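Please treat every number below as a calculation from the coordinates, not as lab data. Treat the numbers as computed from the prediction; the structure is a model and nothing was measured. Ideal geometry is used to build each Cβ from the backbone, glycine not excepted, and the neighbour counts take in all protein chains shown.
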Amino acid sequence: MRLMNISKLLLISTAGVMSAILSLAALGADSLKIGFVYVSPIGDAGWTYQHDQGRLQMEEALGGKVETKYIESVPEGGESERVIRQFATDGYGLVFTTSFGYMNPTIKVAKQFPKVVFEHATGYKSAKNVGTYVARFYEGRYLAGIVAGKMTKSNVAGYVAAFPIPEVLRGINAFTLGMRSVNPDATVKVIWVNSWFDPGREREAADVFIAQGADVVTHHTDSTAVVQAAEEAGVWSVGYHSDMSKYGPKSHLTAATHHWGDYYTKVAEEVMGGNWASTDIWWGIKEGMIKLAPLNQAVPEDVAKHVAEKEAAIKDGSLHPFQGPIKNQAGEEVVAAGTALTDEDLLKMEWYVEGVEGKLPK
Amino acid sequence: MLKIEPRPQPSKQMAYLSPLIAVGLTLVTGVIFSLLVGLNPLSAFHAFFISPIDDLYGLGELGVKAAPLMLIAVGLAIGFRSNVWNIGAEGQLTFGAICGGGLALYFYEVESAWILPIMILGGAVGGMLWASIPAFLRTRFNTNEILVSLMLNYVAILLLSYLVHDPWRDPDGFNFPESRLFSDSALLPVVLEGTRLHLGIIIALIAVVLGWIFVRKSFVGYQMQVAGLADLAALYAGFKRKRMVWIGLLVGGGAAGIAGLCEVAGPIGQLLPSVSPGYGYAAIIVAFVGRLHPIGILLASLLMSLLYLGGESAQMDLGLPSAITGVFQGVLLFYLLGADLFINFRVKITKTVATRSVGEVAS
Amino acid sequence: MTETMVGILLATLGAGTPLVFAALGELVTEKSGVLNLGVEGMMIVGAVCGFAVAAESENLWLGVVMSVFAGAGMALLFGILTLTFQANQVAAGLALTIFGIGLSAYIGLDYTSVALTGIQQIHVPVLSDIPVIGPLIFSLDPLLYLSFVAFGAITYFLYKTKTGLLLRAVGESPESAVSLGYPVIAIRYMAVLFGGAMAGLGGAYLALVYTPLWVEAMTAGRGWIALALVVFSTWRPARVMVGAYLFGGVTIIQFHVQGFGVDIPSQLLSMLPYLATIVVLVLISRDINTIRLNAPASLGKAYHPSV
């Protein structure tokens, strides 16, 4: 009797497990598993946070058709290869690797898993199953620069930057060009804090700018410290990554914000539909990957109008922030009138435009 | 009432038992935690300890991560045994990577079997050079080596950052902060087909053996142990403290430098702004959890490595945030360190005596 | 020009204060003969707990109090391990840091994008309008004033009170202290808890005053710098202050140099605070006697009363 019961129990539980496995398999058949590799914790409030927002937006948009997982704080270089590979071996059909340093590992793993689709952010190496994507952050920077150029009284802006890589330089230059397009006397000071991620230092750098007479500060680092420092000191600030106005209700002029969700949704749909192909994507204001956060109420009507016009011009392609004539710091014309920098020139940018103070070491 | 009293002799049994007790306690904690956050403890256990190493590649990864920890910890332990506090392995690792990796870039066009040995030598020399700064300042100016070695970590990392952002940048790399990919003859061979397990693990295992011989057999090892046990006694014995400082730091630095080179010439294959996910710090813990003994270090490094891998697979399988891994690692380390008490001490249950105090009534 | 100078000095005070709190606390801990390398872990748990409580209760000072308790709580863990369970102090401290960084990230999951107005400066009426002195002395934030008070109190305590003398005696020779009938372990517990509470305050300064926000790993290595400063100070409170402001000041000055646009790679400039600390320590420690006099002789060694 007792034996009977146990065997019955076993039978029932086996059936249960079997059906669970079957239903899982069924789920696996139509849902696409998507992996995300993040360089910092999703709580970094900056770069990774925005990517995770994109992931959530995609999940929402595609409902039960996708299943996503992420691994955060994955160091660039040797470590990431294992994580990327793990996603591929675990049956993930699409893997987003969201930091430049994942480029070589992504390419390496992609070679071993030709059926898995990889999308690498901000890099320049692609393959048959590796697409790249990057946003035209600089378009947002240019527009934010216009606002800053109109609002500054001291004509000095401070730019807290992490590391001198092309992406950051593009932002500094676009911001400077935007400022000087409406205020030819404006200059931009730069401090490199040599960290993506140190609120204390970011604040210290902002304090230094303010002491040196800057009345607008902005940043290319991962926290909100610069906006908060500006709020405290009573100068203007321009945020980055996300709308940071709640950290500086009075001082926050606007922000160049990142929106990855639409792109992630599109890629996932393409992979599911079987019509994905490797591309090198540069989306910007036009596609909504970059947006300008709502302007501060203190920004006058005419400035807001001017910014809106320029935004529209970028959208319809009649304005390129890096449109000639552009001079470098030595005053030499590097982009002639009537031409604009190519994407390749932008990708490897390593010089300052006129109006940026200080030198990039050669 | 519980009373802790020293044993007349360290307990041999406990020396083996205490790590097991610690692991047991961690598992219990893990079960409680899993239940609290509504996870199945079994699947949590599986995710943390089984799934990272359930295939050949996973085992290889275990070795890939354990190798630098093992190598550095064996080197550091030799210094720690004589109270030479080298907290600067991270910087020595980085400088070793700079020197060894720099050679790889310098000989970029050259295809030769000699390149790799030269690079390894370069890594070792680099690590030793970086460690010789605190050693020199300690012996010449009496400057505390904890501070100097720690500060030099930051300096080395900034130096590497400068090099890859500017002079050593890949000329075809669109000005991104990376060096060129090393040529094939500058890459460590893989020792286990189908994995990333590279020559570094062999070097680390050799280091364990050498460390063991050094500690057990050699006279210097004896000297250093004496110096560690009692500064004064060593002084009377006529040993020179300065020599200990130099040996302790150079061995630790050399090991860390080789580990750094093995990272850049192994899994990474180029110079990046950051070449170590904190191996230099983690190795200090490995050294102590391994009780400064090479064999203990071997086991501790495998455990530490498994914890990292487990953290990743817990994120993937269970969706746990990476924060949990740190908490879990910390807890296990606490237990491991705490359980060592029972080697040298025993807990005695004493009967309450006539005098009453609040504490005794409570117990 | 004066305005720039005042700006530099003010920024230096701000940058140095988290270090002052954490390093003064660690100094007291080390004076009792205990080396706690877990400052970074205690600081960050202090920061997140303070921020979380302040955000929930909308009371910043409740947050500060929570930071203190959280730091002390972490220190208690360390104390149990090293003082009761006789674990190795170096390893236990490092483990505490790993644990603290993980724990703080876990606690902080819900607080990442919470905005908080930090603790504001006190503007002493009339006096704060005096040029130079006004902004530098009479309009600082309350925790900064507290750091000065803490410095005074700790100096007084260590060198002018009997308990302070006892604490130092325990750090010098626990054996003789216990033979005189003093409770060595209890005293060390107190010192460790105090160190944790101060590290928690350092965290509170970061998360509630300096950069009122929570992001993971926001202490960014300041706990390590604080540890180094204790060594740097050769265990003397006044030198902790000098060291913290030197470190903060060099950071600020190198930013100023960058802001003025000087042609030196920023990475090399960023090395300056670390190099300056080493150089000054080398100069200080050339005289071996100052260190002998001040370094607690039993530092880092486990002690069991019945050995």
Item to check | the range C:1-102, relative contact order in percent, only Cα pairs under 8 angstrom and at least six apart counted | outcome: 32
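Work out the mean other chain Cβ neighbour count within 10 Å for the residues of A:337-350 and drop it here as an integer. Kindly include the intermediate steps, with their values, before the conclusion.
Numbers: counts 0, 0, 0, 0, 0, 0, 0, 1, 0, 1, 3, 5, 2, 5.
Averaged over the peptide's residues, the number is 1.
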Next on the checklist: Given contacts defined as C-alpha pairs under 8 Å and at least six residues apart, what's the relative contact order of the range A:155-203, whole-number percent?
Outcome noted: 54
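How crowded by other chains is A:188-199, given as the mean number of beta carbons from other chains within 10 Å of each beta carbon? Display every interim value, and only then the final one.
Working: counts 0, 4, 4, 8, 8, 5, 13, 4, 0, 5, 8, 12.
Taking the mean over all residues of the peptide, I get 6.
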Checklist entry - From the backbone phi of the range C:242-255, what are the Karplus-calculated ³J(HN,Hα) couplings (6.51 cos²θ - 1.76 cosθ + 1.60, θ = phi - 60°) in whole Hz, Gly and Pro given as x? => result 4, x, 4, 6, 4, 5, x, x, 5, 4, 4, 5, 5, 5
Item to check | Table column - 3J(HN,Hα) (Hz), the range C:46-56, Karplus curve with 6.51, -1.76, 1.60, x for Gly and Pro | outcome: x, 4, 6, 5, x, 5, 4, 5, 4, 5, 6
Checklist entry - Leaving out same-chain residues fewer than 8 places away, which lysines sit with a Cα under 23 Å from that of A:Lys310? => result A:Lys150, A:Lys153, A:Lys286, A:Lys291, A:Lys327
Next on the checklist: Out of all DSSP beta bridges in the range A:31-135, what portion is antiparallel? Express it as a percent rounded to 5.
Outcome noted: 5
Item to check | Alpha-carbon centroids, the range C:83-155 and the range B:80-123: separation in whole Å | outcome: 39
Checklist entry - What's the center-to-center distance, using Cα atoms, between the range A:88-129 and the range B:1-68 in Å? => result 34
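Could you compute the FRET efficiency for A:Lys305 and A:Asp90, with r as their C-beta to C-beta distance and R0 at 45 Å, rounded to 0.05? It would help to have the intermediate numbers written out before the result.
Values: r = 52 Å, r/R0 = 1.16.
For A:Lys305 and A:Asp90, the calculated efficiency is 0.30.
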Checklist entry - Counting only other chains, what is the mean number of Cβ atoms within 10 angstrom of the Cβ of each residue in peptide B:158-164? => result 5
Checklist outcome for this item: Taking a crude spin-label model, label points 7 Å out from Cα along the C-beta direction, the A:Gln323 to C:Ser139 distance in nm is 4.5
Next on the checklist: I want to verify a result. In a Gaussian network model of chain B, Cα cutoff 10 Å, which of these has the top mean-square fluctuation: B:Ile115, B:Ile297, B:Ile324?
Outcome noted: B:Ile324
Item to check | Fraction of beta bridges assigned by DSSP in chain A that are antiparallel (%, nearest 5) | outcome: 15
Checklist entry - Taking square-rooted eigenvalues a ≥ b ≥ c of the alpha carbon gyration tensor, is chain B rounded, prolate or oblate, where a/c under 1.5 means rounded and, failing that, a/b exceeding b/c means prolate? => result oblate
Checklist outcome for this item: The answer for A:His241, listing residues at least 5 apart or on another chain whose modeled amide H is closer than 5 Å to its amide H, is A:Ala256, A:His258
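Restricting to the protein assembly as shown, what percent of DSSP beta bridges are antiparallel, rounded to 5? Mind dumping the intermediate values first?
Details: 14 of 56 bridges.
About 25 percent, rounded to the nearest 5.
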Checklist entry - For B:Lys65, which aspartates and glutamates qualify as cross-link partners when the Cα separation must be under 19 Å and same-chain residues fewer than eight apart are set aside? => result A:Glu72, A:Glu76, A:Glu79, A:Glu81, B:Asp54, B:Asp55, B:Glu90, B:Glu193, B:Glu263, B:Glu312
Item to check | FRET efficiency estimate (nearest 0.05) - Cβ-Cβ, C:Leu275 to B:Leu121, R0 45 angstrom | outcome: 0.95
Item to check | Distance (nanometres) between label positions extended 7 Å along Cα→Cβ at C:Leu76 and C:Asn59 | outcome: 2.0
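Where does the longest stretch of chain B lie that holds no GluC sites (Glu not before Pro) found in a DSSP loop with 14 or fewer other Cβ atoms within 10 Å?
Working: sites that count: B:Glu109, B:Glu111, B:Glu193.
By the stated rule (loop sites, at most 14 other Cβ atoms within 10 Å), B:194-363.
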Item to check | Helix-only CD estimate at 222 nm, as mean residue ellipticity for the protein assembly as shown, using -39500 (n - 2.57) per DSSP H run (n ≥ 4) | outcome: -19500 deg cm²/dmol
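Work out the FRET efficiency for C:Asp287 and B:Arg243 from their Cβ-Cβ distance, taking R0 = 22 Å, and round it to the nearest 0.05.
Values: r = 23 Å, r/R0 = 1.05.
The pair C:Asp287/B:Arg243 has a calculated efficiency of 0.45.
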Checklist outcome for this item: Each label sits 7 Å from Cα toward the beta-carbon; between B:Lys217 and C:Tyr156 the label points are separated, in nm, by 6.3
Checklist outcome for this item: Listed with the fewest Cβ neighbours within 10 Å leading, B:Ser43, B:Ser34, A:Ser223 appear as B:Ser43, B:Ser34, A:Ser223
Checklist entry - Can you list the residues, at least 5 places off or on another chain, whose amide H is less than 5 Å from the amide H of A:Asp280, using H built in the peptide plane? => result A:Thr132
Next on the checklist: Taking 0.36 nm per residue of sequence separation and subtracting the Cα-Cα distance, how much length would be gained by fully extending the chain between A:Asp243 and A:Trp351, in nm to one decimal?
Outcome noted: 36.0 nm
Next on the checklist: What are the ³J(HN,Hα) couplings of the range C:153-169, residue after residue, when phi is run through the Karplus curve with 6.51, -1.76, 1.60 and θ = phi - 60°? Round to Hz, x for glycine and proline.
Outcome noted: 5, 5, 4, 4, 4, 5, 10, 10, 10, 5, 4, x, 4, 4, 4, 5, 4
Checklist outcome for this item: Counting sequence-distant residues (5 or more places) and residues on other chains, those with an amide H built under 5 Å from that of A:Tyr159 are A:Lys189, A:Val190, A:Ile191, A:Thr218
Next on the checklist: Sequence gap at least 6, Cα distance under 8 Å: using those rules, report the relative contact order of the range A:31-135 to the nearest whole percent.
Outcome noted: 26
